[in-house]
Amino acid sequence: MKIANPIYDVVFKYLMEDAKVAKLILSALTQLEIVELEFHPQEFIANVDTESLDDENWLSRFKVYRLDFIAKVLSKDGEERLVIIEIQKSKVFTTPLRFRIYLGNQLINKNHFLEVENNGKRFKAGLPIISIYFLGETINDSFDGVPVIRIRKEIINGYTGDRLFVEDHFINSLYHEGIIVNIPALKKNRRDEIEILLSIFDQENKDSNQHIMNVNEVDFPEKYRPVVKRLQSAVQAPDIESYMRMEDVFQAEMDAFYDALKEANLQIEKADLKRQESELLRQKADLQKEEADLQRQESDRLKQEAIRKQEAAVVLLVNSGVDKVLISETLQISIDSINQIVERHAE
């Protein structure tokens, strides 16, 4: 069976717009029974004006694909509660900044609060948030081979270290759980129903046309086959293929931009290394010059010391009555020089 590749934003959007399919996927990932699902507006981008990449603020306009759901779920004790399920998907893992900013906006969104009662007091509490991230690149080698990464909060007694099994509106408003679908790790992992379901993202199934994937419907549990059929229908859906081509162009532009940025950074590093080498050479030359100056000064000092000793010897010999001719021949110094030395010392 040929299905559209859901790693493409336009296909993923088409997939999750089907309420039944979205409920199946989110129920499997969150391991919660979803009673109702309210689909919220999402951000979707197919291409970007490449001239804007020259602007230093281009990243703020780069949209990671996101979906928001307000879900009414049943807890294990049968109690209904509302949670925000946010989904962010990116084929490339660039920076957590975009994810962090968006999460912050979710936390302060006034529509995501409800009035609760605790100990006879009523107050507004934020809805619990479950963040789901579909990432096309592994974020850490330690997660290699781990298709689904779950981040869960624990409430711990600080003194005993015991876990406290309690639901609290204050804590749920401030701390949240998360799920990361590590798409590269899906390869060959089909160990449970969740991994079988998520195999629709396994890029090993790509056709020669990377927009299309080949799967066997019978490999999927009966309850998840609507997901596969939805992706099958996306192959024939209007404009899906053209949007995927636009995403390819955009991704190629982004790859080229990052390659150029990487090359520019490499050139900067090389220039810095050359500058450092030049500085070291200059410092070495300065040290050599200082050493040469010290050697010259020492040579001058030794020369002056030798002259002083020679003159002292000449004066001593002359004052002792030694013939100047004999002194001249012995010390290899002219008679005139001997006379000058004697005159200087006589002064």
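The values are calculated or read from the model by the stated rules, or taken from the named source; none is laboratory data. Because the structure is predicted, anything quoted here is derived from the model rather than measured. As a convention, Cβ positions derive from the backbone with ideal geometry for all residues, glycine included, and neighbour counts pool all protein chains shown.
Residues in region 113-144 that are in contact with a strand residue (DSSP E or B) (Cβ under 8 Å, 6 or more places away or on another chain) and hydroxyl-bearing (Ser, Thr, Tyr): Ser131, Tyr133, Thr138. Considering region 1-27, the residues that are assigned to a helix (DSSP H, G or I) and surrounded by fewer than 20 Cβ atoms within 10 Å (Cβ to Cβ) include one that is modelled with the lowest pLDDT, namely Lys13.
Checking the conditions here, which among Ile171, Ile155, Ile151 is under 30 Å from Gln251 (Cα atoms) and either in the same structural domain as Ala28 (by TED's automatic domain parsing) or aliphatic (A, V, I, L, M) (or both)? First the steps, then the outcome.
Working: Ile171 fails: under 30 Å from Gln251 (Cα atoms); Ile155 fails: under 30 Å from Gln251 (Cα atoms).
Ile151 is the lone residue from the list that is under 30 Å from Gln251 (Cα atoms) and either in the same structural domain as Ala28 (by TED's automatic domain parsing) or aliphatic (A, V, I, L, M) (or both).
All conditions in (1) surrounded by 14 or more Cβ atoms within 10 Å (Cβ to Cβ); (2) of a type in the set (A, V, I, L, M, F, W, C); (3) touching a Lys or Arg at 6+ places or on another chain (Cβ under 8 Å) hold for Ile335, with the sole exception of (1).
Answer yes or no as to whether Ile45 is surrounded by fewer than 20 Cβ atoms within 10 Å (Cβ to Cβ) and either at pLDDT below 85 or part of a strand (DSSP E or B) (or both). Considered against the rule, which asks whether it is surrounded by fewer than 20 Cβ atoms within 10 Å (Cβ to Cβ) and either at pLDDT below 85 or part of a strand (DSSP E or B) (or both), Ile45 comes out as yes.
Each row is one residue, and each column tells you yes or no for (1) of a type in the set (Asp, Glu); (2) farther than 13 Å from Ser199 by Cα; (3) not in a helix (DSSP H, G or I).
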residue	(1), (2), (3)
Pro226	no, yes, no
Leu231	no, no, no
Pro238	no, yes, yes
Met244	no, yes, no
Glu247	yes, yes, no
Tyr258	no, yes, no
Glu263	yes, yes, no
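Please determine whether any residue of region 88-106 is at pLDDT 80 or above, hydroxyl-bearing (Ser, Thr, Tyr) and not in a loop (DSSP other than H, G, I, E, B). No, because not a single residue in region 88-106 is at pLDDT 80 or above, hydroxyl-bearing (Ser, Thr, Tyr) and not in a loop (DSSP other than H, G, I, E, B). Any residue that is touching a residue at least 40 places away in the same chain (Cβ under 8 Å), of a type in the set (A, V, I, L, M, F, W, C) and not assigned by TED's automatic domain parsing to the domain that holds Asp9 - is there at least one of those in region 258-267? No - not one qualifying residue is present in region 258-267.
Confirm whether Gly178 is of a type outside the set (Phe, Trp, Tyr) and in contact with a Ser or Thr (Cβ under 6 Å, 6 or more places away or on another chain).
Details: of a type outside the set (Phe, Trp, Tyr): yes; in contact with a Ser or Thr (Cβ under 6 Å, 6 or more places away or on another chain): yes.
Yes, satisfied.
Among the residues making up region 288-332, none is surrounded by fewer than 10 Cβ atoms within 10 Å (Cβ to Cβ) and in a helix (DSSP H, G or I). Apart from one condition, Ala237 fits all of (1) hydrophobic (A, V, I, L, M, F, W, C); (2) surrounded by fewer than 13 Cβ atoms within 10 Å (Cβ to Cβ); (3) over 32 Å from the mean Cα position of the chain (by Cα); the exception is (2).
Here's the yes/no breakdown for (1) surrounded by 12 or more Cβ atoms within 10 Å (Cβ to Cβ); (2) in contact with a Ser or Thr (Cβ under 7 Å, 6 or more places away or on another chain); (3) more than 23 Å from Lys13 (Cβ to Cβ); (4) modelled with pLDDT of 85 or more:
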residue	(1), (2), (3), (4)
Glu154	no, no, yes, yes
Phe170	yes, no, yes, no
Glu193	yes, no, yes, yes
Leu198	yes, no, no, yes
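Restricted to region 159-210, and to residues that are over 30 Å from Asp141 (Cβ atoms) and aromatic (Phe, Trp, Tyr), which residue is nearest to the chain's Cα centre (by Cα)? Out of the qualifying residues, it is Phe170.
Against the test of being in contact (Cβ under 8 Å) with a residue 24 or more places away in the chain and of a type in the set (Asp, Glu), the options Glu305, Glu311, Glu298, Glu343 yield a single qualifying residue, Glu311. Checked against (1) over 24 Å from Val11 (Cβ atoms); (2) surrounded by fewer than 17 Cβ atoms within 10 Å (Cβ to Cβ), Gln210 passes all but a single condition, namely (1).
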